[in-house]
Each structure stands twice: as C-alpha cells, then as structure tokens.
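Report on the structure given below.
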Amino acid sequence: MVQQHAADTLQPFLDQLREALTAVANGDPEPMKALCSHSDAISQCGFWGGVESGWAEVGARWDWVAAQFVPGPGVVTSDTAFLTVSGDMAYGVFIERWWGQFTSRSEPTELMIRATLIFRREDGVWKAVHRHGDNAVAKAPPS
C-alpha cells in the first residue's frame, strides 16, 4: 500500500537511495553514507546481523558492507510494499534485490532483502535514520 502523496514527496530521495545501494553493491559506501543522518539518532539492524546505533557505528558498518562486494557487476532494485509520510518523518517496507559479486565468491549472486526503513527530514533534506534488513521475504503459511 503506497499513499500517492507519500510516493510523490519522497520519490526523488528513494531514487537516490536505490542508486546509493547500487554503489554499495559495487564496493562504494560513500553515496549511501551521504544519505544517512550523521547524528546519534540513527540505527541499523543489517542483513548480516547485529545492531548499530549512532553515526560512528552505522557509518563504519556501511564501509564494511561495501567491502564485501567486488566493484563492477552490482545492481540493486527496490519494490515498495508500503510507504507513508507524516510531516518530517516517513517509513516504508521495501523488497530489495541485490545483484552483485561478493569478495568471497567466484560468481555474482542475487540476494533478496526485506527492508524496513525510516526517514527524517533534517534541515529540509530527507535522511535515512533506521534500516532493518533481513532475508525473510517469502511468507510462510499459518501452521
């Protein structure tokens, strides 16, 4: 469910975010780091586990994530499952498809990540303030 106004308001930022994630999948964390809040009010629960909070930890984690990828073949696409904007805050759920080559593998591979993201306007500019990504994309039937 995507509220149209929310998509219109946030779309340029979401386009930049997808491009920044593609840069990460090519070994470059800097565009992603530029879209993040650099305050202590930022957190990340990434695909590889753990919880980072504060810019020092989150920024270092993006450096580490990018270092897992070989530059060149990476592409990230993102489908919006849910998105809403309320004032200077926005949040959404996205299904990301990361295509890239890990430094630990000889061939490129695809990851599907279910990502919950929270954004906040800081000085009139959208910034990412929370990310939770995992691989629980497929829905299990009730038991």
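The values are calculated or read from the model by the stated rules, or taken from the named source; none is laboratory data. From a predicted model like this one, the values you see are computed outputs, not experimental measurements. Areas reflect the complete protein model, heavy atoms only, side chains present, ligands, DNA and RNA absent. Shrake-Rupley method; radii C 1.70, N 1.55, O 1.52, S 1.80 Å.
Reported value for segment 1-76: 112 Å³ per residue, from the convex hull of its C-alpha atoms.
When the alpha carbon coordinates of the chain are projected onto the principal axes, the ranges are 46, 42, 27 Å, largest first. Computing Rg and the Kirkwood Rh from the Cα coordinates of segment 32-111 gives a ratio, Rg/Rh, of 1.00. Against the criterion of solvent-accessible heavy-atom surface with a 1.4 angstrom probe, TRP55, TRP62, TRP99 sort, most first, into TRP99, TRP55, TRP62. The GNM of the chain, with springs linking C-alpha atoms under 10 angstrom apart, assigns the highest mean-square fluctuation among ALA66, ALA23, ALA34 to ALA34.
Against the empirical 2.2 N^0.38 Å scaling, what ratio does the C-alpha Rg of segment 85-128 come to?
Normalised by 2.2 N^0.38 Å, the Cα Rg of segment 85-128 equals 1.66.
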